Structure formats: structure tokens, C-alpha cells
There are 2 protein chains.
Amino acid sequence: MEILLKNELFKGLSLDDINKVIEEVEGIIKIFHKNEVIITPKEKIKVFGIVLSGSVMGVHNDYWGHRTILKILEENELFGEAFSFSQLDNTGISIVCNKEAKVLLINFEKLLEIDNRKIIQNMMMILASKNVFLTRKMEYLSKRSIKDKLLSYLSDEAMNNKSNKFYIPYNRQELADFLGVDRSALSSELSKLKAEGILNFNKNYFELL
Amino acid sequence: MEILLKNELFKGLSLDDINKVIEEVEGIIKIFHKNEVIITPKEKIKVFGIVLSGSVMGVHNDYWGHRTILKILEENELFGEAFSFSQLDNTGISIVCNKEAKVLLINFEKLLEIDNRKIIQNMMMILASKNVFLTRKMEYLSKRSIKDKLLSYLSDEAMNNKSNKFYIPYNRQELADFLGVDRSALSSELSKLKAEGILNFNKNYFELL
DNA sequence: CCATCCTTGTTGTAAATACAACTGTATTAT
DNA sequence: ATAATACAGTTGTATTTACAACAAGGATGG
């Protein structure tokens, strides 16, 4: 469980403290397989999760079967915390396993009860940076063309990776659902950008030129 | 300042407590006029704000002069809190006065220092519900057509107002910039929906049928 | 090793959108 | 009261996109 030492939620705590906290909040570890639903969109959630290995994704499926991917969540990322705090009966969002995942599930009410200022403050910081992420993503989505959506997303990724060469966690269909566009239109836009010498890519490896 | 008694941040505190807190965090009140910039996109912000009267908006202007409106913030809403916590040098977001506004500005570092569990917990809840709002908004933006973006936004507003008749805080250009679409295309889509008997509207008053 | 499934790119077409230009009507300022 | 400005709707056109159908590799599983 040394992974958790690097987790934002437990920043500043010792391994002993972390173990104590996890006991107090009734943390349990579960394993999920690809496409298994971890949280359904119609439940009032009492828990949030931490990805220990593998990956999961936040997904919204609308009436017409369109899928929107909010984000793919990888090692040490949290999911469901905002919705569990909000106490909504119906979130509209599913959490689905994307790649064989080990997940730590935590009861949020118990977390609020524990008397550890550091944890609460850490949680606040996590919520704040998720806010910043969502705001960033809205900037991509607000762009008027697929090309602009794609380039603003990719240049943000380059920034995050501090390199113009990087891997993204999405395949084509997932990237299309993440950016809210049609897959084939995205593919052809990618080909066009490659032909123009603006970028290079192979599968989920990208290079901005 | 009884407005603040209804504010989410001070929920559960008495008026005396609130006054004490505001002193501790060096809260100052400022007045802004329409189109005045309250927070510029290139500064590292040390403060966040509470709208006491009037309204402000979170705005992103891109390289080509396209404006994206994140949200119009009205009485008792907070702005800038996520970005001030995140400590970014460059947020890319401006806060601009939308309608003659009185604003309470608070130093976020001082807020973190004060020893009041309730305030920190309230702030966490505020961040969580902003998260939920942003997630909702992503659902609108991910829709493939103007019609769907519009209808998902309007039906959410109807839900929030618990009525199929309601006012929105946006004029046409602002609504277009909020939904990331062209104003004239939005206008003609609205007319079409009115002709189809799906909705009725007059200026910023809407009725879902 | 073969069959099946999954992923990605391609193409054509119909539909939707952005953009620009213009009109009429409120709203504001002088 | 009048001019100036802001706002909302309309229309036409060029561009962009969604959608559907298909083909070529790759990966996967028995």
C-alpha cells in the first residue's frame, strides 16, 4: 500500500497514520474487470474511490446512446468524491472499469467524521484541482471545430507532460467521446494535421511539431 | 451584511462569528462597474470573491478573440476559489463585472489559517457542488447539435427552478458563448423550436412545453 | 494457427454550423 | 426628444461535421 503514500489525499501522513485512517473510514479494496460498472448513474453514492492500479472512467450515456467520457482516471486518482459530497439521488454519471483495476472504496461520511485537519484540507485541494481540470476541459469543448478542440487538448497534455512527445490514455473512440465529436471525423482531422506537418502520431503516442 | 447569513461558506455561523472571520481573513468590499475586470487571466490570485450584489462572469478569451463564458455568478456565489487554491501563475480565466456589482474579496491563505472546522467543511461542499455544476455543463457541451445543447441546458434550468417557466441570466450572445455556439445559429434554432411548439420564450424568459 | 473481434483510417453524402451582412426593435445616453 | 448603441432575429453561402458503410491491420482467444 505504499502507493497511497504518494496519494494527494494522504499527503503529509505517515504509513501508520494512513492505515489507521483507512480502518476508521472502513476502506475496502475491490478488483474490477474491464467494462464492469463500479458506480451506476442512478444510485445515491455513499462512497468514493481511489484507483490503486489499472484505470477507470467517468462516463455519461445519454438517451440516444451517445457516450461522453468525462475523464479516464489512473493510479492514485480519486473518483466520485464530488458526487458523494453532493448527496444527489441521481448523478447521471457511471464509473466504469477501463483496464483491470484495483480500487480502494471509502465511505465519505466516515471520512468527514475523522478528526484530521490535514485530510480535510487535502481533500479540499483535490476538489480545487478537479475544478481547474474541468474548467480546462470546458475550454476544449467550447472550441468551434474538431481541429481546435483537438489541438487545445493536445497542447495542454504537452504542457502537463512538459514535453511535446507524450502518450494519451485514450484510444480513438475514447478520445472522440472525451472531446464530444464523431470518431471518424476525428480520425480524418488527425490525418489532415499529420499531412500538414502539425503533428505526428501513432496509436496513442503523439508528437507536436 | 445579512446577505452573508445565507451564504454557503458561512452556513452554521452567527452574524458575530461571520464578522469575526471576515476581520481575520482581511475581507474587503469593492464595487465594480459593467465590463470592469476583477481578476485578470495572467495573475497568480491570492484572493477569491463573494458576489454581494449585481453579477460577474467567469470568461475565457482565446487567441482568435472567441469568448467562452464559464458561468454568470450572482448574489452569494463564490468565484476564483478553485484557482486561488491551485496556486497557478496563469489561470487563463478572467472575472469580469457583468452588472454593477458589490464584491467581498477574501485572502484564501488567511482563510486556511483560521481554526474553524465548519468554514473549511463548507468550502469543501462549495467546491464539490461547483464540480457537479461543471460536470453538468460538460454534458451540454458534449452534445452534438445546438438543439441538444440548448435543450439539455434549459431542462436543467427548469429542474433547478422547479418550474418549466424561468428566467436565465444570459442574453443571446452570452448564452451562445456559454454553450460554445454561434449566436445567429442559436437564434435560428430557438425560432425553430418555438415554431415546433417545444418551447416559448421572450428575451431571457423561457417556458418549456 | 486460424477465426473472430477490435481498432483505425477512408470516403461519400446529407445535415448542421459558422460566418457575414442586414433589418428592425429596444435600450441608453445626451 | 433624438441620436447612438446594443440586442435579437433572418437569410444565404461556404465550411464543417455526423453518420454510415467499408477495408486493412492488429490483437486476442481458443
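The values are calculated or read from the model by the stated rules, or taken from the named source; none is laboratory data. Keep in mind that what you see is a predicted model, and the values were worked out from it rather than measured. So basically every Cβ, Gly included, is an ideal-geometry build from the backbone, and we count neighbours across all protein chains shown. Only protein heavy atoms, including side chains, enter the accessible area calculation; ligands, DNA and RNA are left aside. Shrake-Rupley method; radii C 1.70, N 1.55, O 1.52, S 1.80 Å.
In square angstrom, what is the accessible area per residue of chain B with a 1.4 angstrom probe? Let's see the in-between values first.
Values: 9900 Å² over 209 residues.
That works out to 47 Å² per residue.
Estimated from helices alone, the mean residue ellipticity of the protein assembly as shown at 222 nm is -12500 deg cm²/dmol (sum of -39500 (n - 2.57) over DSSP H runs with n ≥ 4, per residue). So if I take the centroid of the Cα atoms in segment A:1-49 and the same for segment B:108-137, what is the distance between those two points in Å? Here the two parts' Cα centres lie 21 Å apart. The simple spin-label model puts a point 7 Å past each Cα toward its Cβ; for B:Lys110 and A:Ser187 those points are separated by 5.8 nm. Label-point spacing at A:Glu2 relative to the other copies reads 6.0 nm, in ascending order, each point sitting 7 Å out from Cα along Cα→Cβ.
Amide H to amide H, with H built 1.01 Å from N, A:Lys71 comes under 5 Å of A:Gly58, counting only residues 5 or more places away or on other chains. Between B:Trp64 and A:Glu75, with labels modelled 7 Å along Cα→Cβ, what's the label distance in nm to one decimal, could you check? Going by the 7 Å Cα→Cβ label model, 3.9 nm. Estimated at 0.36 nm per residue, the fully extended path between B:Thr40 and B:Leu5 surpasses their Cα-Cα distance by 9.7 nm.
Buried accessible area for the B:A pair, summed, 1.4 Å probe, in Å² rounded to 100? Roughly 4000 Å². Comparing B:Gly180, B:Gly80, B:Gly197 in a Gaussian network model of chain B, where Cα atoms under 10 Å apart are tied by springs, the biggest mean-square fluctuation is seen for B:Gly197.
Among the protein heavy atoms of segment B:1-60, carbon and sulfur supply 53% of the accessible surface, probe 1.4 Å, non-protein parts ignored. Within the full protein context, the accessible area of A:Arg183 is estimated at about 100 Å² for a probe radius of 1.4 Å. Phi-derived couplings, Karplus 6.51 cos²θ - 1.76 cosθ + 1.60 at θ = phi - 60°, listed residue by residue for segment B:172-187: 4, 4, 5, 5, 4, 6, 6, 8, x, 9, 6, 4, 5, 5, 5, 4 Hz, with x used for Gly and Pro. Partner shielding of B:141-148 amounts to 5, given as the average count of beta-carbon atoms from other chains within 10 Å of each residue beta-carbon.
Evaluate the charge dipole of the protein assembly as shown about its Cα centre and quote only its size in Debye, nearest 20, assuming +1 on the Cβ of each Lys and Arg and -1 on the Cβ of each Asp and Glu.
Numbers: 58 positive and 58 negative charges, 279 e Å.
Roughly 1340 debye, rounded to the nearest 20.
Of all DSSP bridge pairs formed entirely within the protein assembly as shown, close to 100 percent run antiparallel.
Since only B:Val96, B:Ser188, B:Ile72 are under comparison, the one whose Cα sits farthest along the positive direction of the charge dipole of chain B, derived from C-beta charges on Lys, Arg, Asp and Glu, is B:Ser188.
Partner chain Cβ atoms within 10 Å, averaged over the residues of A:64-71 - can you pull that number for me?
On the way: counts 3, 0, 4, 1, 6, 2, 5, 2.
Mean shielding by partner chains, rounded to a whole number: 3.
Per-residue mean of foreign Cβ neighbours for A:77-86 is 4 (Cβ atoms of other chains, 10 Å radius). Taking N as the residue count of the protein assembly as shown, its C-alpha radius of gyration divided by 2.2 N^0.38 Å amounts to 1.00. Here the Karplus relation 6.51 cos²θ - 1.76 cosθ + 1.60, evaluated at θ = phi - 60°, turns the backbone of segment A:136-144 into coupling constants of 4, 4, 4, 4, 4, 5, 7, 4, 7 Hz, with x for every Gly and Pro.
Comparing A:Asn19, A:Asn160, A:Asn35 in a Gaussian network model of chain A, where Cα atoms under 10 Å apart are tied by springs, the biggest mean-square fluctuation is seen for A:Asn160.
Look at the dipole of segment A:144-208 built from charges on Cβ: of A:Leu150, A:Asn171, A:Asn200, the Cα furthest out on the positive end belongs to A:Asn200.
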